Amino acid sequence: MPYPGKFWLLIMEMLAGKYSKPQTIKIDYFLKAFMPKDDDFEHQTCPLCSQNTLILTERETEVPYFGKVYLFSMTCNNCKYHKADVEAMETKDSARYELEISSEEDMKVRVVKSSEATVKLPHLATITPGPASQGYVTNVEGILNRVKYQVEAAKEMEEDEEAKKKAKSLLKKIARITFGQEKQKLIIEDPSGNSAIISDKAIKSPLKVKVVEK
């Protein structure tokens with residue numbers, strides 16, 4: 001069951017990037033194997049510390065069964081500010097992907113997640129888009145590791161013993177999912193169409209975008 005309260009709110013805010021100022025999220029190691037050389041632009045002005053220590057990087061690569069994508073990132077050597085995003089070269093329709101994680105083999109399923117995507121792990125966590133939201137190419141295990149990292153960080157910041165117990169319960173749940181001992185749904189919704197779960201098991205459907213009437 002989900003865990004309401006301040007502790008759960010803290011985890012949600014961390015996953016949304018509210019506390020990501022000092023955090024550097026690197027592109028997953030296995031992706032580097034088929035990446036071409038970067039196009040780097042050094043000595044740019046950092047939007048956070050205003051120093052000319054920002055490096056802009058652009059990569060073009062092919063993601064099997066999804067197509068060519070651009071990977072953008074900016075990293076400041078001074079304040080460690082980091083921002084990354086992914087964008088499909090071809091225009092894609094908004095989409096919703098759903099995958100039932102049921103085995104260790106599912107940990108290898110590749111995931112493309114843009115900064116505009118919402119990632120849902122029902123009864124576990126939700127990663128929402130925001131000013132500090134990151135885009136990346138990873139796999140299911142990478143998504144779970146991100147949630148695990150934020151739960152662990154929130155647990156260390158928490159003083160309430162009951163909240164710490166809830167965190168331990170969440171971490172045990174993540175471990176069971178990782179080892180295929182517990183099933184878990186993974187849902188990605190992206191109005192930009194720049195995200196995907198690349199698996200025959202994944203169910204893709206059009207994303208119903210809510211129109212706000214003025």
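The values are calculated or read from the model by the stated rules, or taken from the named source; none is laboratory data. All of these numbers come straight from a predicted model, not from anything done at the bench. Glycine gets a Cβ as well: all are built from the backbone with ideal geometry, and neighbour counts include every protein chain shown.
Here is how the numbers come out for the structure above:
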{"item": "Qualifying residue in the stretch 18-37 (condition: part of a loop (DSSP other than H, G, I, E, B), β-branched (Val, Ile, Thr), within 21 Å of Ser192 (Cα to Cα) and modelled with pLDDT under 90)", "result": "yes"}
{"item": "Output for the stretch 195-214, where each listed residue is surrounded by 12 or more Cβ atoms within 10 Å (Cβ to Cβ) and at pLDDT below 95", "result": "Leu207"}
{"item": "Residue count, the stretch 140-159 (criterion: under 23 Å from Pro191 (Cβ atoms), touching a helix residue (DSSP H, G or I) at 6+ places or on another chain (Cβ under 8 Å) and either of a type in the set (Asp, Glu) or surrounded by fewer than 21 Cβ atoms within 10 Å (Cβ to Cβ) (or both))", "result": "1"}
{"item": "Glu60 vs. criteria surrounded by fewer than 18 Cβ atoms within 10 Å (Cβ to Cβ), assigned to a strand (DSSP E or B) and touching a residue at least 60 places away in the same chain (Cβ under 8 Å)", "result": "no"}
{"item": "Search result, residues across the stretch 120-171 that are of a type in the set (Ser, Thr, Tyr) and modelled with pLDDT under 90", "result": "Ser133"}
{"item": "Cross-chain or 6+ apart pairs with Cβ under 9 Å, the stretch 122-144 first and of a type in the set (Lys, Arg), then surrounded by 22 or more Cβ atoms within 10 Å (Cβ to Cβ)", "result": "none"}
{"item": "Boolean, Glu98 is touching a residue at least 60 places away in the same chain (Cβ under 8 Å), touching a Ser or Thr at 6+ places or on another chain (Cβ under 9 Å), over 30 Å from Ser169 (Cβ atoms) and not small (Gly, Ala, Ser)", "result": "no"}
{"item": "Restricting the stretch 145-186 to residues that are of a type in the set (Lys, Arg) and touching a residue at least 60 places away in the same chain (Cβ under 8 Å), the residue that is nearest to Glu104 (Cα to Cα)", "result": "Lys183"}
{"item": "Matching residues, the stretch 160-194, being surrounded by 15 or more Cβ atoms within 10 Å (Cβ to Cβ) and under 14 Å from Thr118 (Cβ atoms)", "result": "Leu186, Ile187, Ile188, Glu189, Asp190, Pro191, Ser192, Gly193, Asn194"}
{"item": "Given (1) in contact (Cβ under 8 Å) with a residue 40 or more places away in the chain; (2) over 18 Å from Pro129 (Cβ atoms); (3) polar (S, T, N, Q), index of the condition Thr53 fails", "result": "(1)"}
{"item": "Residue that is surrounded by the fewest Cβ atoms within 10 Å (Cβ to Cβ) [pool: residues in the stretch 126-139 that are of a type in the set (Gly, Ala, Ser) and over 23 Å from Pro64 (Cα atoms)]", "result": "Gly130"}
{"item": "Residues located in the stretch 70-109, provided they are farther than 27 Å from Glu182 by Cβ, surrounded by fewer than 16 Cβ atoms within 10 Å (Cβ to Cβ) and basic (Lys, Arg)", "result": "Lys80"}
